[in-house]
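The values are calculated or read from the model by the stated rules, or taken from the named source; none is laboratory data. Bear in mind that the values here come from a model prediction, so they are computed numbers and not experimental data. Virtual Cβ from ideal backbone geometry, glycine too; neighbours counted across all protein chains shown. Areas reflect the complete protein model, heavy atoms only, side chains present, ligands, DNA and RNA absent. Shrake-Rupley method; radii C 1.70, N 1.55, O 1.52, S 1.80 Å.
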Amino acid sequence: NLKYPTPGQIKNLTRVQHVWTVGDRYYKLAARFYGDPTYWWIIAHYNKRPTEANVTLGDLIYIPTPLEKILNYILE
């Protein structure tokens, strides 16, 4: 079971804003921000949008960083 970070934990993260554009995919964003496309699910989970079908052009999403910290919060 994945957990959602608490408000206190969110304050400890850096959240990079990203406007969803043509050609965006979670795996591409994960590769760019985390260096590994397999962490796409972190971005999906954090934004409460489980698939790319839940995102439309122009939507603002957040990429939580650093990777180690968000992983710890989600998996603890």
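Pairing each residue of segment 15-42 that is in a helix (DSSP H, G or I) and buried (at least 17 other Cβ atoms within 10 Å of the Cβ) with any residue that is modelled with pLDDT of 95 or more and among the acidic types (D, E), provided the two are 6+ apart or on different chains, yields C-beta distances under 9 Å for Y26/E52; A30/D36. Take R49 and decide whether it is in contact with a strand residue (DSSP E or B) (Cβ under 8 Å, 6 or more places away or on another chain), assigned to a strand (DSSP E or B) and either open to solvent by 60 Å² or more (accessible area, probe 1.4 Å) or not aliphatic (A, V, I, L, M) (or both). Criteria not met by R49.
Out of all the residues in segment 47-55, is one or more touching a Ser or Thr at 6+ places or on another chain (Cβ under 8 Å) and of a type outside the set (K, R)?
Within segment 47-55, the first condition is being touching a Ser or Thr at 6+ places or on another chain (Cβ under 8 Å), and the residues that meet it are none.
No, segment 47-55 contains no residue that is touching a Ser or Thr at 6+ places or on another chain (Cβ under 8 Å) and of a type outside the set (K, R).
Residues that are open to solvent by less than 40 Å² (accessible area, probe 1.4 Å), of a type outside the set (S, T, N, Q) and within 11 Å of the chain's Cα centre (by Cα) within segment 52-73 comprise I61, I63, P64, L67, I70, L71, listed in sequence order. Which residue pairs have Cβ atoms under 8 Å apart, sit 6 or more places apart or on different chains, and have a first residue in segment 55-70 that is within 13 Å of N12 (Cβ to Cβ) and part of a loop (DSSP other than H, G, I, E, B) and a second that is open to solvent by 50 Å² or more (accessible area, probe 1.4 Å) and among the polar types (S, T, N, Q)? Here the result reads P66/T14, each pair linking segment 55-70 to a residue that is open to solvent by 50 Å² or more (accessible area, probe 1.4 Å) and among the polar types (S, T, N, Q).
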